[in-house]
Each structure stands twice: as C-alpha cells, then as structure tokens.
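Novice: Dropping the structure in here first, questions after.
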Amino acid sequence: MKKHLSAIAILTLLSAFCLAQEPVGVGTVIYQDATADTTTIVAPTMINNLWFEAIQIHLDLANITGEANPEGWELLTLKTIEDLVRTDIIQALSLSTDRQATLQKYLSDSSNAIEQWAGLIAFINQEISLLQLDMNACTVDKNTADKLYFDSVNNYDQTMAQSALQDSIRNDTCASEKRIEYNAKTYLLDKLTFYAGLLQSKYDLVSTKQDMLINHFDVISDTVLQELQQINTALDTYQAQ
C-alpha cells in the first residue's frame, strides 16, 4: 500500500502545480482602454469550507456532472473516502463480535477507495488541463476582438466594429463558462486530494497495528486512538478554514 502514498504525494504536487499556473481570467470589458494590459487578472479565491452538497450545487451550475460523470463517480468516490476517514474504527472494533472481520473489511474498503481515487485524479487532472486550454484560447480570441474593435472605431468602420463587438461578447461568454467548470473541477480535486491523504495516513496507521488491535485490543486501543486523533485534528482544521 506504500504505492498509494507515493501516488498521493505525486498527484498532490501535480494539483498544486495546476493551481499555481492559474489561467488568465475574464475581467476585461470591451470599453476599457485599448492599451491596457488585459492579461493580468486577479483570480477568485475558492472557498475551502464548503460541504459535500455545495460541491454538487457547483458542479450542477457548471453543467458538467451529467456530461463528464453521468453516474456521479467523482462525488461518490469523494463521499466514500470522506466516510471512511470519519469512521471511528476503534469504537467499531470495541463493539464488534468479530474484530478481525471488522478490521479487514475497513482496511479493504479503504484500500479500494484509495485506488479509485488514484485513477480518478488522473481523469480530473486531464479535464482541468483541457478546460485551461479552452479558457485561455477563448480569452486570447476575446482580446484579439477587443483590439479589432478599437482599431475599427478609430478608423470609423462601423461594420467591422460591430462584428468585433459580437466576437468579444461571444468569447467572453466562452471563457467565463470554462472558468466556472475549471473552478468546480479544481475545488473537487483539492477536496478529494485532502481526504484521500488523510485516509492513506489512517490506513497506514491501522494496518501496521492490525495484529495488536485484533489480539490485544484492550492494551493497544488507547494508544492507537491517540495517534488517530492527529488525523481528526487535521480534519477539523480543514473544515474550519
């Protein structure tokens, strides 16, 4: 299962790189100074304390859930991982009549969820890259249309100015729609990566102590519970942001 940890580390860095390369946004209006720099736009900050339902709303607004993920694979994986992170495995074992079966099921479910995450992240990263390319292309086309509009006005060419104006509006809409999709997917990627990282840590901790938890539960349970508390603290901190 160490391969899962390596995958998480690599893909987390890829996610951070994608976010660092924030694409040009759409903040330029057609009537601004034609000599103004239209490539430097302050990107909106994504809200990190939204709940699972808020992601669903965001994706629905972006109109991409049905197109890219008709069965809700992305959100289902996120919900599964989040539930496993929140599962109090020590309490579950204390109430279980068959600790070995309970623990093995939890570890198996966690391993499967992490594997699903690794495949899903590659898919989402590809989507984000394509959305970034589309958004940048629309923005470049809008800026070109803006320049043509101002040149046409200065040359008193009404026909060309009107055509350029319509092109600018159309490309601005295109870039804005792609940005909504980009933000929705990026937020989902961040949340998936965070929860999968916590689940990997929890899996590693519990799996290395599974023999003790099965055979000497009363002796080791408090120690494991204290170690798991660090994961709970990270979860609480993330939710409070």
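The values are calculated or read from the model by the stated rules, or taken from the named source; none is laboratory data. Bear in mind the structure is a predicted one, so any value in this text is a computation, not a measurement. No Cβ is skipped: glycine too gets one built from the backbone with ideal geometry, and neighbour counts run over all protein chains shown. SASA here: full protein model, heavy atoms, side chains in, ligands and nucleic acids out. Shrake-Rupley method; radii C 1.70, N 1.55, O 1.52, S 1.80 Å.
Novice: Just to be sure before I move on: is SER110 under 25 Å from the mean Cα position of the chain (by Cα) and assigned to a helix (DSSP H, G or I) in the structure I sent?
Specialist: The answer is yes for SER110.
Novice: Right, something else. Out of all the residues in segment 179-197, is one or more assigned to a helix (DSSP H, G or I), surrounded by fewer than 16 Cβ atoms within 10 Å (Cβ to Cβ) and on the phi < 0 side of the Ramachandran plot? Explain how you work it out, then say what you get.
Specialist: Restricting attention to segment 179-197, the residues satisfying the condition of being assigned to a helix (DSSP H, G or I) are 179-197.
Restricting the remaining residues to those that are surrounded by fewer than 16 Cβ atoms within 10 Å (Cβ to Cβ) gives none.
Scanning segment 179-197, I find no residue that is assigned to a helix (DSSP H, G or I), surrounded by fewer than 16 Cβ atoms within 10 Å (Cβ to Cβ) and on the phi < 0 side of the Ramachandran plot, so the answer is no.
Novice: Would you call THR97 modelled with pLDDT of 85 or more and not in a helix (DSSP H, G or I)?
Specialist: Taking the combined requirement at face value, the residue satisfies it.
Novice: In this structure, is SER201 part of a helix (DSSP H, G or I), small (Gly, Ala, Ser) and either in contact with a His (Cβ under 6 Å, 6 or more places away or on another chain) or open to solvent by 40 Å² or more (accessible area, probe 1.4 Å) (or both)?
Specialist: Yes.
Novice: Just one of the numbered conditions (1) under 30 Å from LEU228 (Cα atoms); (2) open to solvent by 40 Å² or more (accessible area, probe 1.4 Å); (3) in contact with an Asp or Glu (Cβ under 8 Å, 6 or more places away or on another chain); (4) not hydroxyl-bearing (Ser, Thr, Tyr) is not true of GLN91; which one?
Specialist: (3)
Novice: With the condition kept exactly as written, say whether any residue in segment 149-156 is buried (at least 16 other Cβ atoms within 10 Å of the Cβ) and under 29 Å from the mean Cα position of the chain (by Cα).
Specialist: no
Novice: Further question: Out of segment 157-178, which residues are in contact with a Ser or Thr (Cβ under 7 Å, 6 or more places away or on another chain) and open to solvent by 30 Å² or more (accessible area, probe 1.4 Å)?
Specialist: MET160
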